[in-house]
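Let me begin by presenting the structure, written as structure tokens, before commenting on it.
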Amino acid sequence: MRIGLNCTPRLDTGTRAPLTQSRVTQIASWVLIGLGLGYVGLLLLLWGFQERVVFQPPVALAGGPTHGRRVDYTASDGVRLFSYVVGDCTSPRQVMLAFHGNADIARWLVPWAQTVVDRTNLCVVLAEYRGYDGLSGEPSYGASAQDALAALQFVHDSLGVTSDRLVFFGHSLGSAIAAELAATAQPRALVLQSPFTTAQDMARRMFVPGLNALWRLISRVHFDTVGRVKTLATPVSVVHGDRDLIIPAWMGKAVYNNAKQRGQLLIVHGAGHNDVPQVGAEAYWSWLAQATGLGSDATRSVEAGRQSAP
């Protein structure tokens, strides 16, 4: 007797109930709630981690000799700091107090500072920030002002340099720190390399919808270089690469154009964010001499190629 097995699956002849309008509305509501919660979470992340985006100390740094003289001092809140002094600051020459960018360290700028000394006869003080190059503490917007002021205090007290002999220099993030310091302690000149306009303008480049409208609510970083230079009686000079993908050249031009006292403007053709001195070459060093008041026959605006201005 043969027994056959029917393996054909049974079809469910029943029909599903169609989605009702209320069901569709309910699903849409849950989707909107999920998107809203995700957006709020994103804003909370930006609020909590924005200073980690602005300040990015390099990790796993290799030690090594440097030709700069390290000097130690303490910020007003007790955090130990240091700077590198390059050149002779004891003579009555001008002194450049320089502030580096967010992913840089002062030690790496010593060769650049030595070239500044050789080219301009300035003495250079390279300030370091807390949390960088082995220093304790967490870098932040508020702490950057304390660290900059501590470096300035060292220059005044230990090197005996008066404000009329001081030039503030800043690259990238350091340009905003230098501008903030210049607003409280007027130097002889403010020299900015690849500066950004405001922290809010930089945040706009993240393309987060609604971030601009909510900026005042979530921001803890209030750098406003354009606002600072509008009020400074100090000459403001700017150099910027026209291929800068991190801080676009229009920001550097805007900082310069909004300065109450304009110094020298140099746009370096073909330069990005970190190679302006190399690409600008002689035009860069000529600009720096003019910007610090050490040159003659100054030109207000110079368009530079890879080797020199056309």
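Miscellaneous remarks
- Of all residues in the range 234-259 being in contact with a helix residue (DSSP H, G or I) (Cβ under 7 Å, 6 or more places away or on another chain) and farther than 16 Å from Ala176 by Cβ, the one that is surrounded by the most Cβ atoms within 10 Å (Cβ to Cβ): Gly241
- Scanning the range 163-182 for residues that are assigned to a helix (DSSP H, G or I), at pLDDT 95 or above and out of contact with any His (no Cβ under 6 Å at 6 or more places or on another chain) turns up Leu173, Ser175, Ala176, Ile177, Ala178, Ala179, Glu180, Leu181, Ala182.
- Residue match in the range 146-162 (condition: among the acidic types (Asp, Glu), assigned to a loop (DSSP other than H, G, I, E, B), crowded, with 16+ Cβ neighbours inside 10 Å and touching a residue at least 40 places away in the same chain (Cβ under 8 Å)): no
- Check on Val85, among the β-branched types (Val, Ile, Thr), in contact with a Cys (Cβ under 9 Å, 6 or more places away or on another chain), modelled with pLDDT of 75 or more and outside any strand (DSSP E or B): no
- Filtered residue count, the range 86-108, keeping only those that are closer than 19 Å to Leu288 by Cα, touching a residue at least 60 places away in the same chain (Cβ under 8 Å) and surrounded by 20 or more Cβ atoms within 10 Å (Cβ to Cβ): 9
- Filter result (at pLDDT below 95, touching a Leu at 6+ places or on another chain (Cβ under 8 Å) and under 14 Å from Phe169 (Cα atoms)) within the range 252-308: Thr292
- Enumeration of residues in the range 116-145 that are surrounded by fewer than 20 Cβ atoms within 10 Å (Cβ to Cβ), touching a Phe, Trp or Tyr at 6+ places or on another chain (Cβ under 9 Å) and either of a type in the set (Asp, Glu) or farther than 27 Å from Val59 by Cα (or both): Arg119, Asp133, Glu138
The values are calculated or read from the model by the stated rules, or taken from the named source; none is laboratory data. All of these numbers come straight from a predicted model, not from anything done at the bench. No Cβ is skipped: glycine too gets one built from the backbone with ideal geometry, and neighbour counts run over all protein chains shown.
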